[in-house]
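Asks: Below you will find the structure I want to go over with you.
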């Protein structure tokens, strides 16, 4: 244990995803003191992930005695009961009492479980790009599109099983949803369409030479002034801004944070979303919320999980 740190003041944060598992120990400021990052083997299912946690968590607790555990889970959860509804990526999680199981494995009584997008939103709102603002809306642009709303330092929950499902906001009456236009796989598809639409573009040449996860080539193609890449950027930003305009009209966040893999495009994406959002919101709300890129990167969920743990300590739940 670090000198000057009294037993019981540490917190544990856990991120359970479809490809990675992270366990961190930290303090009430959200600072990470220790980390174990492990690769998830999907073929081993939920049982495989639980075995990894059983091996790592007790050892971490021996070095960092903790009062509470916060968990960000990659899928829908019953946050009140700490129970998993299901995972869309890993078999064996449906209806699993994750909070109860963690209590047994760890001996820690205070355990909180939330969807990982909510937890990332909490991390960014308290310790990242949204610090000092409220409300803060966070959107993650990854394999899917998720969101979270933090108001006065706490996660907003609608009536069960409602969450901030920005990815399922419809963009038209035909039923096209935001996730079908702005997720990583959606942008991958747009790049692949260049085979017929713009076969001589730099972006398509990059994608053809290194297929799979084609969206990763966008940044380099944009830096080199590729017009096809610019068109995909502008189209994606406009769709995202239109989806976010509904968030603005309903919840009036002071800050919107863009996270996830596609946010790695950086300032060009942020600037276009900000510009387009102003076109889609009422004049009375101008200039609209600030738009920022996520500051915590891959630490958004672990840091948010530490904040979640701190919250249950404060409320004694």
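Asks: Output the residues belonging to region 277-305 that are crowded, with 19+ Cβ neighbours inside 10 Å, in a helix (DSSP H, G or I) and touching a helix residue (DSSP H, G or I) at 6+ places or on another chain (Cβ under 6 Å).
Replies: 277, 300, 301, 303, 304, 305
Asks: Just to check your reading of the model, which residue among 125, 164 is modelled with pLDDT under 95, out of contact with any helix residue (DSSP H, G or I) (no Cβ under 7 Å at 6 or more places or on another chain) and buried (at least 18 other Cβ atoms within 10 Å of the Cβ)?
Replies: Exactly one residue qualifies, and that residue is 164.
Asks: Kindly indicate which of 102, 90 is assigned to a helix (DSSP H, G or I) and either in contact (Cβ under 8 Å) with a residue 40 or more places away in the chain or closer than 30 Å to residue 65 by Cβ (or both).
Replies: 102
Asks: Could I ask something else about it? Would you point out which residue out of 259, 243, 311, 264 is surrounded by 24 or more Cβ atoms within 10 Å (Cβ to Cβ), within 30 Å of residue 24 (Cα to Cα) and either touching a residue at least 40 places away in the same chain (Cβ under 8 Å) or not assigned by TED's automatic domain parsing to the domain that holds residue 136 (or both)?
Replies: Going through 259, 243, 311, 264 in turn, just one is surrounded by 24 or more Cβ atoms within 10 Å (Cβ to Cβ), within 30 Å of residue 24 (Cα to Cα) and either touching a residue at least 40 places away in the same chain (Cβ under 8 Å) or not assigned by TED's automatic domain parsing to the domain that holds residue 136 (or both): 259.
Asks: Another question, if that's okay. If residue 131 satisfies all but one of (1) surrounded by fewer than 22 Cβ atoms within 10 Å (Cβ to Cβ); (2) in contact (Cβ under 8 Å) with a residue 60 or more places away in the chain; (3) within 23 Å of residue 296 (Cβ to Cβ), what's the number of the condition it fails?
Replies: Of everything listed in (1) surrounded by fewer than 22 Cβ atoms within 10 Å (Cβ to Cβ); (2) in contact (Cβ under 8 Å) with a residue 60 or more places away in the chain; (3) within 23 Å of residue 296 (Cβ to Cβ), residue 131 misses just condition (2).
Asks: Among the residues of region 20-31, count how many are closer than 24 Å to residue 88 by Cα and without any contact (Cβ under 8 Å) to a residue 60 or more places away in the chain.
Replies: 3
Asks: Among what's in region 223-240 and is in contact (Cβ under 8 Å) with a residue 40 or more places away in the chain and within 21 Å of the chain's Cα centre (by Cα), pick the residue that is farthest from residue 169 (Cα to Cα).
Replies: Looking at the filtered set, the residue picked out is 236.
Asks: Is region 142-152 home to any residue that is touching a strand residue (DSSP E or B) at 6+ places or on another chain (Cβ under 9 Å), under 26 Å from residue 23 (Cα atoms) and in a helix (DSSP H, G or I)?
Replies: No, region 142-152 contains no residue that is touching a strand residue (DSSP E or B) at 6+ places or on another chain (Cβ under 9 Å), under 26 Å from residue 23 (Cα atoms) and in a helix (DSSP H, G or I).
Asks: Please report, ordered by residue number, the helices (runs of 4 or more DSSP H) entirely within region 160-222 with at least 1 residues that are farther than 18 Å from residue 233 by Cα, under 26 Å from the mean Cα position of the chain (by Cα) and assigned by TED's automatic domain parsing to the domain that holds residue 237.
Replies: Passing ranges: none, list empty.
Asks: Can you name every residue in region 249-276 that is in a helix (DSSP H, G or I) and farther than 17 Å from residue 145 by Cα?
Replies: Result: 249, 250, 251, 267, 268, 271, 272, 274, 275, 276.
Asks: Is it the case that residue 81 is at negative phi, surrounded by fewer than 19 Cβ atoms within 10 Å (Cβ to Cβ) and either in contact with a strand residue (DSSP E or B) (Cβ under 7 Å, 6 or more places away or on another chain) or outside any helix (DSSP H, G or I) (or both)?
Replies: Answer is yes for this residue.
Asks: Which ranges mark the strands (runs of 3 or more DSSP E) fully within region 7-52 that have 3 or more residues being in the same structural domain as residue 103 (by TED's automatic domain parsing) and more than 19 Å from residue 111 (Cα to Cα)?
Replies: In region 7-52, 32-39 are the strands (runs of 3 or more DSSP E) which contain 3 or more residues that are in the same structural domain as residue 103 (by TED's automatic domain parsing) and more than 19 Å from residue 111 (Cα to Cα).
The values are calculated or read from the model by the stated rules, or taken from the named source; none is laboratory data. All of these numbers come straight from a predicted model, not from anything done at the bench. In this analysis, Cβ positions are derived from the backbone assuming ideal geometry, glycine residues included, and neighbour counts consider all displayed protein chains.
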